[in-house]
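Undergrad: Have a look at the structure that comes next, please.
The values are calculated or read from the model by the stated rules, or taken from the named source; none is laboratory data. Remember, it's a predicted structure, so these values are computed and weren't measured experimentally. All Cβ positions, even for glycine, are placed from backbone atoms using ideal geometry, and neighbour counts span all protein chains on display.
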Amino acid sequence: MTLALALFQPDIAPNAGTLARTMACFGLSLHIIEPAGFPVGDAGFRRAGMDYLDRATIRRHASFAAFELWRGMEARRLVLCTTRGAVPYAAFAFAPTDVLLLGRESAGVPEEVHAVAQARILVPMAAGARSLNVAVAGAMILGEALRQTGGFPD
């Protein structure tokens with residue numbers, strides 16, 4: 001079992017496509033928690049993912065409850081990446097079986113998702129900055145998690 005990245009009801013197809021491509025490059029799986037704000041596989045998604053989507057492992061979950069059922073069966077820790085996080089991502093101790101969850105671009109995640117996350121981490125930013133692009137933040141956090149867990153491909 002290796003690190004995984006999950007998107008909670010993503011709004012923007014190119015961001016999801018970029019993250020699918022990123023996960024394909026590292027041989028990791030992307031989980032999309034529906035409903036998405038676009039048809040998964042639409043033109044924007046495919047354009048951002050390019051030909052890497054053929055190599056990507058993408059698992060769709062019909063709802064957060066369905067995702068939680070999968071996660072429970074896999075006994076994986078849920079690490080929520082959020083501007084409301086308590087720990088900077090570089091100071092967090094990642095495990096190889098963590099699922100990194102990124103919130104919806106327009107609204108993050110609801111309180112019920114915050115409540116079940118075993119950890120909440122953030123990317124520190126300059127005062128007055130609201131948030132990074134979700135694909136950029138996801139790639140930064142994933143890179144640190146791979147570094148810590150020795151998960152980069154050889």
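Undergrad: Would you be able to tell me the number of residues in the range 94-146 that are under 19 Å from M73 (Cα atoms) and either part of a loop (DSSP other than H, G, I, E, B) or hydroxyl-bearing (S, T, Y) (or both)?
TA: 6
Undergrad: Let me ask something else. Answer yes or no: is there a residue in the range 42-64 that is modelled with pLDDT of 95 or more and among the small types (G, A, S).
TA: yes
Undergrad: May I ask you to list the residues in the range 79-90 that are in contact (Cβ under 8 Å) with a residue 40 or more places away in the chain and in a strand (DSSP E or B)? Before you say what the answer is, go through the steps one by one.
TA: The first filter runs over the range 79-90 and keeps only residues in contact (Cβ under 8 Å) with a residue 40 or more places away in the chain, leaving 79-83, 89-90.
V79, L80, C81, listed by residue number.
Undergrad: Mind checking which pairs have a first residue in the range 35-59 that is over 24 Å from P110 (Cα atoms) and a second that is modelled with pLDDT under 80 and hydrophobic (A, V, I, L, M, F, W, C), Cβ under 8 Å, 6 or more apart or different chains?
TA: From the range 35-59, the pairs are L53/F45.
Undergrad: Return only the number of the condition from (1) touching a residue at least 60 places away in the same chain (Cβ under 8 Å); (2) among the basic types (K, R); (3) more than 19 Å from L30 (Cβ to Cβ) that R104 does not satisfy.
TA: Looking at each condition in turn, R104 falls short on (3).
Undergrad: Enumerate the strands (runs of 3 or more DSSP E) found wholly within the range 1-78, keeping only those where 3 or more residues are within 13 Å of the chain's Cα centre (by Cα) and among the aliphatic types (A, V, I, L, M).
TA: Once the strands (runs of 3 or more DSSP E) in the range 1-78 are filtered for at least 3 residues that are within 13 Å of the chain's Cα centre (by Cα) and among the aliphatic types (A, V, I, L, M), what remains is 4-8, 29-33.
Undergrad: Mind listing just one residue for me: the one in the range 96-115 that is among the aliphatic types (A, V, I, L, M) and exposed (fewer than 14 other Cβ atoms within 10 Å of the Cβ) and, of those, modelled with the highest pLDDT? Walk me through it before giving the result.
TA: Our first condition is that a residue be among the aliphatic types (A, V, I, L, M); within the range 96-115, this holds for 99-102, 107, 109, 113, 115.
Filter once more, so that each one left must be exposed (fewer than 14 other Cβ atoms within 10 Å of the Cβ): 107, 115.
Numbers: A107: 92, A115: 97.
The qualifying residue modelled with the highest pLDDT is A115.
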